[in-house]
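The values are calculated or read from the model by the stated rules, or taken from the named source; none is laboratory data. Note that this is a predicted model, so its numbers are computed, not measured. For neighbour counting, all protein chains shown are included, and Cβ atoms are generated from backbone atoms with ideal geometry for every residue, glycine included.
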Amino acid sequence: MHSQIVWFKRDLRISDHKAVHEAAKLELPSLFLYIFEDILIKDEHYSERHFAFISDCLTELRIKLRSAGHDLLVLRGDCLSIFEELHQKFQISRVLSYEETGIQKTFKRDIELAKWFSQAGIEWLEFQSNGVFRRFDRARNWHYDWETRMKLVQYDSDPAHLTPLNHQIESFHPPFRRNPSMQQGGETIAQTVLADFLQSRVKNYFKHISRPFESTDSCSRLSPYIAWGCISIRQIIQAIDVHSAQFGSSRALRQFRSRLHWQAHFIQKFETECRIEFENINPAFNALRQDVNETYLNAWKSGQTGYPLVDASIRCLVQTGWINFRMRAMLVSFLTHHLWQPWQAGSHWLAQQFLDFEPGIHYPQLQMQAGTTGVHILRVYDPVKQSREKDAEGKFIRKWVPELNDVPYELVHTPWLLSPMEQAFYNFMPGETYPNRIVLTEKTGIEAGKKLWPIIKSADAKKLAKIYMSRHVMAPERRRAIKRGKIF
Ligand SMILES: Cc1cc2nc3c(=O)[nH]c(=O)nc-3n(C[C@H](O)[C@H](O)[C@H](O)COP(=O)(O)OP(=O)(O)OC[C@H]3O[C@@H](n4cnc5c(N)ncnc54)[C@H](O)[C@@H]3O)c2cc1C
């Protein structure tokens with residue numbers, strides 16, 4: 001008997017699913033498979049929260065597949081051994097899956113699998129995910145290609161069109177449980193979150209995007225659903241376009257749409273240059289930040305730096321798995337500039353906390369904020385300025401740092417400035433109820449700039465930045481031709 005396998009990876013949905021759509025074109029018995037991979041369960045980027053989110057997604061997938069006469073086979077182990085066993089039982093003719101722009105481990109796993117599939121005579125059909133190309137071609141107009149793909153009709157991917165394979169294999173029952181303060185996985189919830197955002201929450205999107213308290217509601221909160229593929233970017237783009245046609249466009253909608261474009265743009269860079277999981281984008285910065293200070297690192301990870309907005313952001317992230325973009329940037333800036341730690345010291349830990357961990361956004365963003373690209377503007381965030389601007393009334397700080405509950409909002413950003421009388425009055429004991437500042441950012445910010453600017457301005461860094469850009473940016477002659485309207 002010959003068969004085919006639809007292998008779910010980071011594409012945990014049924015709708016607009018090319019692998020399901022393509023599988024329906026052959027009348028082969030079909031098996032739907034998800035593998036909890038040992039290499040990922042043990043990997044330092046992942047934590048229980050990710051696997052609990054995936055488990056929720058699988059529960060819904062299974063229900064949907066069952067209603068179409070199929071089962072979802074969930075296994076745990078090593079992909080190669082699992083495919084070898086399945087091949088012995090069911091003579092696999094082809095495997096259909098989405099391409100994955102992952103960490104080095106999944107990249108190596110895919111190379112190993114491709115080799116084995118080819119030796120075993122199994123065809124592996126891999127489909128492009130969210131407009132990211134496997135090989136970046138400077139001669140192509142990437143933005144035009146992306147827009148074109150987003151406008152294509154969504155795939156008809158009804159599993160009822162596939163012939164079920166009767167397998168009799170017992171599924172692995174994932175023991176991972178969701179913390180109720182985190183977002184729940186699943187395709188239906190993803191669609192609900194999108195609809196709710198477009199109908200009401202979007203109105204304050206751009207106004208609140210950088211504010212940690214308000215953005216919890218005003219941002220789309222689609223990131224984990226996008227990262228685990230519960231929804232395709234095309235589904236979101238088309239929903240935005242329908243909404244705009246019906247109710248008119250707005251600045252907020254356009255800003256939101258542009259971020260969906262960034263999603264693929266960042267991942268595209270990582271797809272071509274996955275070494276940046278380990279190395280600085282620009283090697284001119286390699287000599288900096290060699291030593292890890294465990295005391296600083298532990299204070300940062302536990303939200304005990306003495307900087308209320310930094311501590312509130314860390315605690316919110318640990319508890320809920322999400323924090324807005326500006327606070328993510330500030331946390332990395334605090335770690336790398338003010339505490340002068342290598343970004344590598346925080347990368348795994350942050351990935352474990354982000355429910356939406358997406359390697360292709362995570363690593364380029366970490367390096368942008370750490371100032372190791374030599375391409376982007378150096379931003380050293382002042383946590384006090386951020387606090388006064390983005391949480392003026394201290395609502396976010398009070399929610400996550402209850403030690404400061406009694407302190408009036410004008411003073412909550414700088415508790416170290418409280419006089420002894422105010423300390424007694426507001427029930428605040430520095431060093432006891434809340435830590436003293438571990439560094440003085442008014443000094444560390446200047447020191448970081450003094451170390452970084454000479455490198456940024458150096459001929460070496462500029463040359464290396466140019467080389468990096470030449471690998472990721474469209475060829476200038478093509479860009480000029482497009483501008484002149486000569487070609488697309
Ligand atoms: C250090 C650092 C690490 C980050 N790591 C991740 C990560 O692992 N996974 C992740 O999805 N985002 C990451 N981001 C980007 C951004 O913070 C989140 O996408 C956003 O906060 C998610 O919330 P949302 O879905 O409500 O965002 P919205 O503002 O509603 O945006 C909608 C979607 O657009 C995409 N997007 C938004 N901002 C960006 C951006 N700056 N770059 C690329 N795509 C973007 C995301 O897919 C997001 O879900 C990181 C940012 C920083 C500074």
Practice problem: Could you give me the residue pairs with C-beta distances under 6 Å whose first residue belongs to segment 424-443 and is under 18 Å from residue 300 (Cα atoms) and assigned by TED's automatic domain parsing to the domain that holds residue 306, whose second residue is small (Gly, Ala, Ser) and at pLDDT 95 or above wherever it lies, and which are 6+ apart or on separate chains? | Solution: 435/306; 436/306; 437/306; 438/299; 438/306
Practice problem: Hey, can you tell me all the residues within segment 306-342 that are in contact with a strand residue (DSSP E or B) (Cβ under 9 Å, 6 or more places away or on another chain) and surrounded by 24 or more Cβ atoms within 10 Å (Cβ to Cβ)? | Solution: 308, 311
Practice problem: Only residues that are within 13 Å of the ligand (Cβ to nearest atom) and free of Cβ contacts under 8 Å to residues at least 40 places away in the same chain: list them for segment 371-407, please. | Solution: 376
Quiz item: For segment 204-233, which residues satisfy the criterion of being of a type in the set (Val, Ile, Thr) and either within 18 Å of residue 190 (Cβ to Cβ) or more than 10 Å from the ligand (Cβ to nearest atom) (or both)?
Solution: 216, 226, 231, 233
Quiz item: With respect to residue 365, is the statement that it is within 13 Å of the ligand (Cβ to nearest atom), under 15 Å from the mean Cα position of the chain (by Cα), of a type outside the set (A, V, I, L, M, F, W, C) and over 19 Å from residue 279 (Cβ atoms) true?
Solution: no
Quiz prompt | Residue list for segment 410-423, filter: without any contact (Cβ under 8 Å) to a residue 24 or more places away in the chain, closer than 19 Å to residue 383 by Cβ and surrounded by 15 or more Cβ atoms within 10 Å (Cβ to Cβ) | solution = 411, 418
Quiz item: How do the pairs read when you match residues in segment 283-309 that are within 18 Å of residue 383 (Cβ to Cβ) with residues anywhere that are among the hydroxyl-bearing types (Ser, Thr, Tyr), using Cβ under 7 Å and keeping only pairs 6 or more apart or on different chains?
Solution: 299/305; 308/387; 309/387
Practice problem: Taking only segment 248-267 into account, find how many residues are touching a residue at least 40 places away in the same chain (Cβ under 8 Å) and either of a type in the set (Lys, Arg) or not assigned by TED's automatic domain parsing to the domain that holds residue 198 (or both). | Solution: 1
Quiz item: So how many residues does segment 172-208 have that are surrounded by 17 or more Cβ atoms within 10 Å (Cβ to Cβ) and without any contact (Cβ under 8 Å) to a residue 24 or more places away in the chain?
Solution: 2
Practice problem: Scan (1) in contact with a Leu (Cβ under 9 Å, 6 or more places away or on another chain); (2) within 25 Å of residue 279 (Cβ to Cβ); (3) among the basic types (Lys, Arg) for the single condition residue 62 breaks and write down its number. | Solution: (2)
Exercise. Output the qualifying pairs, or none if there are none: Cβ atoms under 8 angstrom, residues six or more apart or on different chains, first residue in segment 96-118 and assigned to a helix (DSSP H, G or I), second residue loosely packed, with under 15 Cβ neighbours inside 10 Å.
Key: 104/278; 109/80; 112/80; 113/80; 116/80; 116/84; 117/123
Exercise. Sort through 211, 134 and tell me the only one that's of a type in the set (Lys, Arg), in contact (Cβ under 8 Å) with a residue 12 or more places away in the chain and surrounded by fewer than 18 Cβ atoms within 10 Å (Cβ to Cβ).
Key: 134
